[in-house]
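**Q** Have a look at the structure that comes next, please.
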């Protein structure tokens, strides 16, 4: 990795067991994808490019902890290969002090969250993860901040944020590596 590239996994914040995270997802080919029951299963066009997903995991342990949630995101259902970042992500999660995250095969993974439907596609790959450890509930604030960024586009209002009306948690990003590299510091300054 050159100095101009964003690290695969970046952990920021205090020593809180939970927090928020951002997934940088590359989509190699255009998709026309249904996100489960979102909007009645209506297929949503996703042009090839890069996307940003904002999520949170607040529990100190178990399936709702940051390590488990993130390793789950990096796993695909059935016999599909995991995301290439999965093992590095699990290793980084060990530094969180809340568990390593499950690295065992997750056979039969159920697609539950809207973003699961995108991350299950082999044409989609998690490229980077930014973890912000904090006890504060920042998911909505970050989503709104990023929705207003001139380099982001809302894919579909409400997508990925069924539990938080009025926001969206999946955004298309039309920017170069400089934007991604500066994102963590911009977020920390805005919070």
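**Q** For a quick check, take a GNM of the chain with Cα springs below 10 Å and name the residue from 131, 44, 154 with the largest mean-square fluctuation.
**A** 44
**Q** Shifting gears a bit: Can you give me the relative contact order of the stretch 9-190 as a percent, contacts being Cα pairs under 8 Å and 6 or more apart?
**A** In percent, rounded to a whole number, it is 29.
**Q** When only C-alpha pairs under 8 Å and at least 6 residues apart count, what is the relative contact order of the stretch 133-191, in percent? Each step should come with its number before you reach the end.
**A** Working: 50 pairs, mean separation 16.1, N = 59.
Rounded, it is 27 percent for the stretch 133-191.
**Q** Next question. Arranged by the count of other C-beta atoms within 10 angstrom, fewest first, what order do 73, 189, 169, 117 take?
**A** Placing the least packed residue first, the sequence is 189, 117, 73, 169.
**Q** Could you work out [θ]222 nm for the chain from helices alone, using -39500 (n - 2.57) per DSSP H run of at least four and dividing by all its residues? Round to the nearest 500 deg cm²/dmol.
**A** -7000 deg cm²/dmol
**Q** Sort 156, 139 so the one with the fewest other Cβ atoms within 10 Å of its own Cβ comes first.
**A** 156, 139
**Q** Extending each Cα 7 Å along its Cβ direction at residue 141 and residue 110, get the distance between those two points in nm, one decimal.
**A** Rounded to a tenth, the inter-label distance reads 3.3 nm.
**Q** Okay, next question. Could you list log10 I(q)/I(0) for the chain at q = 0.16 Å⁻¹, which the Debye formula gives when each Cα is one point scatterer?
**A** Computed log10 I(q)/I(0) values: -1.02.
**Q** By counting other Cβ atoms within 10 Å of each Cβ, how are 35, 112 ranked from fewest to most?
**A** Values: 35 24, 112 10.
Ordered from fewest to most neighbouring Cβ atoms within 10 Å, 35, 112 come out as 112, 35.
**Q** So how far apart, in nm, are the two label points at residue 185 and residue 64 if each is 7 Å from Cα heading toward Cβ?
**A** 3.6 nm
**Q** Round to the nearest 0.05 the FRET efficiency obtained for residue 125 and residue 94 when R0 = 25 Å and r is the Cβ-Cβ distance.
**A** 0.65
No lab work stands behind these numbers, since they all come straight from the coordinates. On a predicted model such as this, the values are computed, not experimentally measured, just so you know. Here the Cβ is made from the backbone with ideal geometry for all residues, glycine too, and neighbour counts use every protein chain on show.
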